[in-house]
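Trainee: Once you've had a glance at the structure underneath, I'll fire off some questions.
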Amino acid sequence: MNKNRMGKLGKLGITEENILACKLPEYEQGKNLVQAEDDMFGRTQHMTPATLSCWLRLKQSAENEGITLQLVSAFRSIDYQCELIAAKLEKGQDLAQILSVNAIPGFSEHHTGRALDISTPDCEPLSEAFEKTPAFKWLQANASRFDFTLSFPRGNTSGISYEPWHWACQSLD
């Protein structure tokens, strides 16, 4: 990890001890990303070309079966990940709690452009309630056909809380 990034992490209170305890791999920031669709908040999202292709096929197949999938977020830069953590710290959240739901900058699958957060209408985005929706049940049964896997299932060993909304494309460009 370069000194510049270590300095940014230090400003967030993230120590070498936190990094050594992290069970996630370090990820390179995605390159050659393409513009995808806007997310459910109207923000333009980017992802790898292969991820976009898989996402569009996955979403269309779900739609053909009466399931609506919505994009909550996709690519996240390392700097943006720092901003997310800083905003939570400013609200008084504890760093240990933050790091159980947000990866240390540099260790987020979102940096690759292959991870998507997914929701469906009538479900609060980024909530465990997503697991009770027909959309989640459809993803469990069908996502692998489109090269997507659930990154953080219940009881995972990564140190990240259960995230039924976080799916990653395994297709590489």
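Trainee: In nm, to one decimal, how far is the residue 15 label point from the residue 60 one, both placed 7 Å along Cα→Cβ?
Mentor: Spacing of the two 7 Å Cα→Cβ label points: 5.2 nm.
Trainee: Can you tally the net charge around residue 170? Count Lys and Arg as +1, Asp and Glu as -1, for every other residue whose Cβ sits under 9 Å from the Cβ of residue 170. Before the final figure, lay out the partial values.
Mentor: Values: positive: 114; negative: 147.
Counting the neighbours of residue 170, the net charge comes to 0.
Trainee: Let me ask another. With θ taken as phi - 60° and the coefficients 6.51, -1.76 and 1.60, list the Karplus ³J(HN,Hα) couplings across region 110-124 in order, rounded to whole Hz; mark glycine and proline as x.
Mentor: Ordered by residue, 3J(HN,Hα) equals 5, 4, 7, x, 10, 9, 10, 9, 10, 9, 8, x, 6, 9, 4 Hz.
Trainee: Related question: Can you give the helix-only mean residue ellipticity at 222 nm for the chain, where every DSSP H stretch with n ≥ 4 adds -39500 (n - 2.57) and the sum goes over all residues, rounded to the nearest 500 deg cm²/dmol?
Mentor: -10000 deg cm²/dmol
Trainee: Under 14 Å from a label point 7 Å along Cα→Cβ of residue 156: give me every residue in region 10-33 with its amide N that close.
Mentor: Hits in region 10-33 for residue 156 at 14 Å: 23-27.
Trainee: Right, another one. What is the set of long-range amide H partners of residue 36 at a cut-off below 5 Å, with H atoms built 1.01 Å from backbone N?
Mentor: 45, 46, 47
Trainee: Still on this structure, please answer the following. Taking the chain as a Gaussian network, Cα atoms linked when under 10 Å apart, which of 77, 144, 108 shows the biggest mean-square fluctuation?
Mentor: Among 77, 144, 108, the largest GNM mean-square fluctuation belongs to 144.
Trainee: Along the Cα→Cβ direction, 7 angstrom out, place labels at residue 3 and residue 94. What is the inter-label distance in nm?
Mentor: 3.5 nm
Trainee: I need to check one value: relative contact order of the chain, counting alpha carbon pairs closer than 8 Å and at least 6 residues apart, in percent.
Mentor: Normalised by residue count, the contact order of the chain is 25 percent.
Trainee: Which ³J(HN,Hα) values, rounded to whole Hz and listed in residue order, are derived for region 153-163 from phi using the Karplus coefficients 6.51, -1.76 and 1.60 in 6.51 cos²θ - 1.76 cosθ + 1.60 with θ = phi - 60°, glycine and proline given as x?
Mentor: Per-residue couplings from phi come out as x, 4, x, 5, 9, 7, x, 9, 4, 3, 10 Hz.
Trainee: For region 45-55, in order, what is each residue's ³J(HN,Hα) by Karplus, 6.51 cos²θ - 1.76 cosθ + 1.60 with θ = phi - 60°, in whole Hz (x at glycine and Pro)?
Mentor: For region 45-55, the Karplus curve yields 10, 10, 7, 5, x, 5, 5, 4, 4, 5, 4 Hz.
Trainee: A follow-up question, please. Determine which lysines satisfy two conditions relative to residue 88: a Cα distance under 25 Å, and not lying fewer than 8 residues away in the same chain.
Mentor: 3, 8, 11, 23
Trainee: Quick one: which residues, 5+ away or cross-chain, put their amide H under 5 Å from the amide H of residue 73? H built at 1.01 Å from N.
Mentor: Answer set, sorted by chain and number: 117.
Read the figures in this text as sums done on the coordinates, not as results from a lab. No experiment lies behind these values; they were computed from the predicted model shown. Every residue, glycine among them, receives a Cβ derived from its backbone with ideal geometry; neighbour counts consider all protein chains shown.
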